[in-house]
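> Next up is a structure, given as structure tokens.
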Amino acid sequence: MLTPLEVHSKQFKARFGRYSAAEVDEFLDQVGQSYDQLWRENAELRERLRQLMEKEQSGTDLGETLKQTLLLAQKAAEEARRNAEEKARLILESAEQQAAEIVQRAHDKVRAQEQRLEDLLAHQTALRARMKAMLEAYMDIIEQDADEERRA
């Protein structure tokens, strides 16, 4: 491809009856100016294309980065959810175990109190029986003494 400088510096040989050197020079100046303008526009377009390609690459990189960030965030959220569920399960399991232990202790205390009550009732019954037996024995003694006094 010719550069604008090559078009501007092009020289034609002048021959009789052929082209006018002034016209050829004028034309070459016009071609050079047009070519200069096209050259600059082409350079600008190439630069814009390069910038757009960089932006596209940056956009692709940014999009990929955002996608990876989103995936990481989703994984972190899923892991946090699983951890929370596991923690909740362990807390619930612990609470159920503690509740079962509390209920068991309460049942044990109730059984112990029931046993104590049964023991006290049995002791009371035994005491009553002994007292009754003692009273009957005293009554027998008193009756014997009364019989002896009447006989005497």
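> So which pairs qualify, if the first residue must be in the range 27-39 and at positive phi, the second must be in a helix (DSSP H, G or I) and modelled with pLDDT under 80, the Cβ gap must be under 9 Å, and the two must be at least 6 apart or on different chains?
Filtered contacts from the range 27-39: no entries.
> Kindly indicate whether Arg81 is of a type outside the set (Val, Ile, Thr), under 30 Å from Pro4 (Cα atoms) and either exposed (fewer than 10 other Cβ atoms within 10 Å of the Cβ) or free of Cβ contacts under 8 Å to residues at least 60 places away in the same chain (or both).
Numbers: of a type outside the set (Val, Ile, Thr): yes; under 30 Å from Pro4 (Cα atoms): no; either exposed (fewer than 10 other Cβ atoms within 10 Å of the Cβ) or free of Cβ contacts under 8 Å to residues at least 60 places away in the same chain (or both): yes.
No; evaluated as a whole, the condition is false for this residue.
> Can you name every residue in the range 16-34 that is modelled with pLDDT of 70 or more and not in a helix (DSSP H, G or I)?
Selection gives Arg18 alone.
The values are calculated or read from the model by the stated rules, or taken from the named source; none is laboratory data. No experiment lies behind these values; they were computed from the predicted model shown. No Cβ is skipped: glycine too gets one built from the backbone with ideal geometry, and neighbour counts run over all protein chains shown.
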